[in-house]
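Worksheet: one structure, shown below.
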Amino acid sequence: MQRRTFIQNTGLLTAALSATGPGLLATSQPETVAKNKLPRWKGFNLLDFFSPDPSKSRRATEEDHLKWMQDWGFDFVRLPMAYPYYLSFDRSRNITPDEVYKIDQQAVDRIDRLVSLAHKHNLHVSLNLHRAPGYCINAGFNEPYNLWTDQAALDAFCFHWAMWAKRYKNVSSQKISFDLLNEPSMRADMNDQLSHRSSVPGATYRRVAQAASNAIRKENPKHLIIADGNDTGSSVIPEITDLDIAQSCRGYTPGIISHYKAPWANKDPDHLPEPKWPGQVGDKYLSKAMLETFYQPWIELVNKGVGVHCGECGCWNKTPHDVFLAWFGDVLDILSSHQIGFALWEFIGDFGILDSGRTDVAYEDWHGHKLDRKLLDLIRKA
């Protein structure tokens, strides 16, 4: 499966490819490494509940997959969920605001079962609303309103988080946490993938995050809450640093490496400069210094006492494998040196360690799957 149609990487590509210079902020003087408030979790995104339509879901994660993760030393899974997945409504037409509240208990039970299996194998579970009422980074499901501008959408958003918080109120905070919203941005038309996108205004982001966190903490005062960075996960959110909410960055910079030839992220995917790492790509020189500059605001956030985790990272399967590993090694080195954990997108699939479909990998047979041993070894030692 392609790394989700919802990665519209215009912002990431622009930010990454415009970064120049030697990364003086990160390297001009010795740096004192602060202790990240979050554990340095390492693991994977699992896409069982990623589709708004349960009939189009990915093949379910098996218990053996979770056992392999545990055996390989991983301790974290993130579950990006589309809220319509666990609703009961007439899917032959667009959803109505009233139907956003119609919970399908059988679908919720399926989510519960995966959470329980993950806990059985000592994996922390981060529940994430990939699609929330009124917002998703990708189109493809008609939202009846806009989370950033409509109170009805915010009320529904808080309802969903209150439900999940109550459901897991008796589960240890060491085992489960709540990631509010996947990759926020301000889109002019919530149902038009190509409509103009910009940053969510800081005050607006704060209002939404605070409302949802209050709904969660009413049920679950001690559980961790995480907010994905602004600008589709790429930018720190200074407006919420006083709210006791951790923040989640991304490991997709520069997009010309992570999403090389990806048709959902490039206007002309067949005519891109050959990726190199490090090296001159188009009119930019790509190097670890670029990454140090990009991640410096996140490192400063850790130093200010705000917990940081990288909720998604990885590379689509068209980037040459040696380039991918060289780049990703630098990404993981920067994150790990500042005690920032990460979750690969995904476990099985185009971005994963199993069955990625790369044409330049000598795969190892692993219980009927094709294992990218070099990638596995890289992330295990990070």
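The values are calculated or read from the model by the stated rules, or taken from the named source; none is laboratory data. In this text, all values refer to a predicted model and were calculated from it rather than measured experimentally. With ideal geometry, Cβ positions are generated from the backbone for all residues, glycine too; neighbour counts draw on all protein chains shown.
Below is a table of values for the structure above.
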item	result
Residue ranges of strands (runs of 3 or more DSSP E) in segment 236-328 with at least 3 members at pLDDT 95 or above	246-251, 279-281, 308-313
Residue satisfying all of: in segment 335-379; of a type in the set (Asp, Glu) and surrounded by 21 or more Cβ atoms within 10 Å (Cβ to Cβ); nearest to the chain's Cα centre (by Cα) among these	GLU346
Single condition LYS284 does not satisfy, out of (1) touching a residue at least 60 places away in the same chain (Cβ under 8 Å); (2) closer than 28 Å to ILE226 by Cβ; (3) crowded, with 16+ Cβ neighbours inside 10 Å	(2)
Candidates SER51, SER126 - the one that is of a type in the set (Gly, Ala, Ser), crowded, with 20+ Cβ neighbours inside 10 Å and out of contact with any helix residue (DSSP H, G or I) (no Cβ under 6 Å at 6 or more places or on another chain)	SER126
Criterion: of a type in the set (A, V, I, L, M, F, W, C), at pLDDT 95 or above and more than 18 Å from TRP298 (Cβ to Cβ) - qualifying residue of ALA227, ALA188, ALA211	ALA211
Residue in segment 185-205 that is buried (at least 17 other Cβ atoms within 10 Å of the Cβ), under 16 Å from the mean Cα position of the chain (by Cα) and farther than 14 Å from LEU127 by Cα present	yes
Answer residue from segment 42-75, given it is aromatic (Phe, Trp, Tyr) and more than 13 Å from the chain's Cα centre (by Cα) and is nearest to GLY341 (Cα to Cα) among those	PHE74
Check on ARG217, modelled with pLDDT of 95 or more and farther than 23 Å from VAL171 by Cα	no
Given (1) part of a helix (DSSP H, G or I); (2) touching a residue at least 24 places away in the same chain (Cβ under 8 Å); (3) not hydroxyl-bearing (Ser, Thr, Tyr), number of the condition ILE340 does not satisfy	(1)
Qualifying residue in segment 191-202 (condition: of a type in the set (S, T, N, Q), under 30 Å from LYS288 (Cβ atoms) and touching a residue at least 60 places away in the same chain (Cβ under 8 Å))	no
Output for segment 230-274, where each listed residue is buried (at least 24 other Cβ atoms within 10 Å of the Cβ) and more than 22 Å from ALA343 (Cβ to Cβ)	ILE256
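Yes or no, residue by residue, for (1) of a type in the set (Lys, Arg); (2) surrounded by fewer than 16 Cβ atoms within 10 Å (Cβ to Cβ); (3) at pLDDT 90 or above:
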| position | (1), (2), (3) |
| --- | --- |
| ARG3 | yes, no, no |
| GLY21 | no, yes, no |
| GLN29 | no, yes, no |
| VAL33 | no, yes, no |
| TRP41 | no, no, yes |
| PHE44 | no, no, yes |
| ARG59 | yes, yes, yes |
| LEU66 | no, no, yes |
